[in-house]
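First comes the structure, then the notes that go with it.
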């Protein structure tokens, strides 16, 4: 199968980009409910199953280590698997956190001299019968600091 289909409508790419932008805005307002709202109820995000669990985990990190954080995103590409199924690849740049989860480290030093966490997010999105695009699955991978070899 070749993933080079045209989207189901001319505004499909704009709709997907809007979901990603809306999530960044929700992150910056530390609004877990809004951040999780575009996941299907049965969605899987990394190893978190279902919208209530996704919202719950997000609410916890917004109340603790990411309570003062700021997120900016950059969409790298959107691949159309079928006209109603897309894979979005984009990058997060998160600053202003007070700590990071175990095993995660800052990707680089930010302009403010503090750590900047960069991650690569991949979403699988599906257009529903109502025409709304929703997130079916998400994977987020931390970008490691540049290797400083000898």
Residues in the stretch 69-96, backbone N under 13 Å from the label point at residue 108 (7 Å along the Cα-to-beta-carbon vector): list them, ranges by number please.
92-94
Pulled fully out, how much extra length does the chain show between residue 120 and residue 140, if you take 0.36 nm times their separation in residues and subtract their Cα-Cα distance?
6.6 nm
Among (i) -0.49, -0.57, -0.71, -0.99; (ii) -0.37, -0.45, -0.61, -1.09; (iii) -0.48, -0.56, -0.73, -1.10, which is the computed log10 I(q)/I(0) by the Debye sum over Cα atoms at q = 0.10, 0.11, 0.13, 0.18 Å⁻¹?
(ii)
Give the distance, in whole Å, between the Cα centre of the stretch 38-64 and the Cα centre of the stretch 71-137.
14 Å
Rounded to the nearest 500, what is the 222 nm mean residue ellipticity of the chain from helices alone, with -39500 (n - 2.57) per DSSP H run of 4+ residues and division by all residues?
-7000 deg cm²/dmol
For an R0 of 35 angstrom, estimate the FRET efficiency from the Cβ-Cβ distance between residue 42 and residue 21 and round to the nearest 0.05.
0.90
Counting DSSP beta bridges with both partners in the chain, what percentage is antiparallel, nearest 5?
90 percent
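In whole percent, what relative contact order does the stretch 10-150 give with Cα contacts below 8 Å and a gap of six or more residues?
Details: 263 pairs, mean separation 30.0, N = 141.
Relative CO of the stretch 10-150 lands at 21 percent.
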For the residue 147, residue 91 Cβ pair and Förster radius 22 Å, calculated FRET efficiency rounded to 0.05 is 0.70
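All of the numbers you see were taken from the coordinates with simple rules; none came from a lab. Note that this is a predicted model, so its numbers are computed, not measured. Every residue, glycine among them, receives a Cβ derived from its backbone with ideal geometry; neighbour counts consider all protein chains shown.
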